[in-house]
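A short write-up of the structure that comes next.
Quick note: the coordinates plus some simple rules give every number you see, no bench work behind them. Predicted model, so just to flag it, every value in this text is computed and none were measured. Cβ placement follows ideal geometry from the backbone for every residue including glycine, while neighbour counts extend to all protein chains displayed.
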Amino acid sequence: MRIVIALLSGGLFGAGLFVSGMTDTRKVQGWLDVLGNWDPTLAFVMGGAIIPMVIAWQLTRGRRPLVGGSFPAPTDPLLDRKLILGSTLFGAGWGLAGLCPGPSIASLSYGGIGGVIFVLAMIAGMLVAPPLRARLDSVGAAA
Amino acid sequence: MEQDWIWGLVGGGLIGLGGAVYLLGNGRIMGASGIIGGLVDASGKDTAKERLAFLAGVILLPVLLMPLYDTPISTHVTDNWLVIIAAGLLVGVGTRIANGCTSGHGVCGISRFSLRGIVSTVFYILAGGIAVVLFRHILGVI
C-alpha cells in the first residue's frame, strides 16, 4: 500500500513539474532573474501547489495516515545556522543551473547528459553533507 | 507564452496533490531532496522501497506525457559541465544541510505555516536571484 501511494504521489509530482514547465531551466532562471525578461510562472506553480497542501494539512487534524502511524509532528521553529547556510548554498546552485532536486529527477528521461551529470553531482553533494552537518552541530555546541 | 501561467497553476496543483497524497496516505512529507538523500546516505533505508517507488513515478509520468506535446521538451540546461557540476554539488550539500528544498521547505513547509520552511524559502530564493544576476549579468558565465 505504501508503495502504491508513493508511486501515485511521485507520478502526480512528476506530471506537475512537467506540465508546469518547471523542468525548463530557462523558466526557473527567468523567474530568479529580476534584471532580465522576468518570467512569473514559478510563482503560479508555487501558489498552485501550496493551496492543496494547506487543505491537506488541515485534513491531518484528528486523523491518522491511511496506512496507519502518525503524521509528522510540527517542526521545532529552530532557525539554526544549518537551515540558513544550507538554504543559501542550495539557492546558489539552483540559480546557477536552474535545477532543483525534483525537476532534476523528473527530467532524467529527456535532460540529456547535462541532466545526468547534475544528478550525479547532486548525489555526491548529498554524500558529503552528513559529516558537514555533524561538524556544524559540534561547532554550534562549542560556541 | 501567455498560457504559461495557466499551465503553471495546473502543474502546481498536481504537485500539491502529490504532496497531499503522500501526506494523507503515507503520513510523510513530500520533499524531493529528503526522499533522494535518505537513499543516498542510507538514513532512509527502512523506507527505501517507497522512496524508489516515488522516484519511479516522478521519472515515469513525464515519459508518458511527452508524446502529447507537438514540440520536443527540453530542459535547456547549460552545456558548461563545470557550471552543472558546481550547481549539482551545491544543491546536494545545501538541501541536506538545510534538510529540505523547494518541495519540502517550500511547498510542504509554507503550507503548514512553518517558520523554518518560510525562512529557508526566503534564503534560497535570495541566493538563487543573486547567483543568476551575478553569473549572468556581471560575470556572463550562464
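Details
- For B:Asp4, A:Asp76, A:Asp24, order by how many other beta-carbon atoms lie within 10 Å, fewest first: A:Asp76, B:Asp4, A:Asp24
- Dipole size of the range B:4-138 about its Cα centre, with +1 on Lys/Arg Cβ and -1 on Asp/Glu Cβ: approximately 420 debye, rounded to the nearest 20.
- Cα gyration tensor, the range A:57-143 - rounded (a/c under 1.5), prolate or oblate: oblate
- Taking the fewest neighbouring Cβ atoms within 10 Å as the starting point, the ordered list for B:Tyr69, B:Tyr22, B:Tyr124 is B:Tyr69, B:Tyr22, B:Tyr124.
- Gyration tensor (alpha-carbon) shape descriptor, the range B:19-142, a/c threshold 1.5: oblate
- Exposed-site-free run, longest, chain A (rule: chymotrypsin sites (Phe, Trp or Tyr not before Pro); DSSP loop; at most 16 other C-beta within 10 Å): A:39-109
- For A:Val67, B:Val58, order by how many other beta-carbon atoms lie within 10 Å, fewest first: A:Val67, B:Val58
- Taking a span of 18 Å or more along the helix axis (Cα atoms) and a mean Kyte-Doolittle hydropathy of at least 0.5 as the rule, the DSSP H helices of chain B that qualify are B:4-21, B:48-65, B:81-98, B:115-132.
- In terms of its C-alpha gyration tensor, the range A:1-90 has an oblate overall shape, because the principal axis ratio a/c (a ≥ b ≥ c, square roots of the eigenvalues) is not below 1.5 and a/b does not outweigh b/c.
- The local environment of A:Ile5, defined by Cβ-Cβ distances under 13 Å, has a net charge of +3 under the rule Lys, Arg +1 and Asp, Glu -1.
- Here the contact order of chain B, divided by its residue count and restricted to Cα pairs under 8 Å and six or more residues apart, works out to 24 percent.
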